[in-house]
1. What Kirkwood radius, in Å to one decimal, follows from the Cα pairs of the chain?
2. For the chain, report the accessible area per residue in Å² (1.4 Å probe, heavy atoms, rounded to an integer).
3. Which whole-angstrom value gives the distance between the alpha carbon centres of the range 81-102 and the range 9-40?
4. Treating only the Cβ of Lys, Arg, Asp and Glu as charged (+1, +1, -1, -1), what charge dipole size does the chain show about its Cα centre? Round to the nearest 20 debye.
5. Restricting to Cα pairs below 8 Å that are 6+ residues apart, what does the relative contact order work out to for the chain? Please round to a whole percent.
6. Determine the sum of side-chain charges near R82: Lys and Arg each +1, Asp and Glu each -1, restricted to other residues whose C-beta is under 9 angstrom from that of R82.
7. Probe radius 1.4 Å, ligands and nucleic acids ignored: give me the carbon and sulfur share of the accessible area of the chain as a rounded percent.
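The values are calculated or read from the model by the stated rules, or taken from the named source; none is laboratory data. As the structure is a computational prediction, the values presented were derived from the model and not from experiment. Positions of Cβ are backbone-derived with ideal geometry, glycine not excepted, and every protein chain shown enters the neighbour counts. Accessible surface areas use protein heavy atoms only, side chains included; no ligands, DNA or RNA. Shrake-Rupley method; radii C 1.70, N 1.55, O 1.52, S 1.80 Å.
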Amino acid sequence: MFGRDRFEDLIRRQLDLFAADEAALLAEAGEADAAWTHAERGETEELYGDYQLVVDALAERLYDVREGYASTLDEQTAAVYRGAFNRASVKRFRRLASFLEE
């Protein structure tokens, strides 16, 4: 196992645990997304703000998972791990993890 696949199993397990631990917040994000997407014109801005707060909370938690493990690695290995984690997170959680690519 080299390169990107080196961390595949670890990251899958980390994201599985994240999804289980944050199930309520992930559900809240889905509800908030539906609320602002289907809102009347005058309510959209406020509801989008509510959605963004939930997404930001999830994003911070994903970041903490990533950096918690990356901090145990040497700099070069951590960069490889971060790249693999970012790709897997975006693939699994889409917009909720898009900030990791920045």
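1. Every distinct Cα pair counted, the radius reaches 14.6 Å.
2. 67 Å²
3. 14 Å
4. Approximately 660 debye in magnitude.
5. Relative contact order, the chain: 32 percent.
6. 0
7. Whole-percent figure for carbon plus sulfur exposure: 50.
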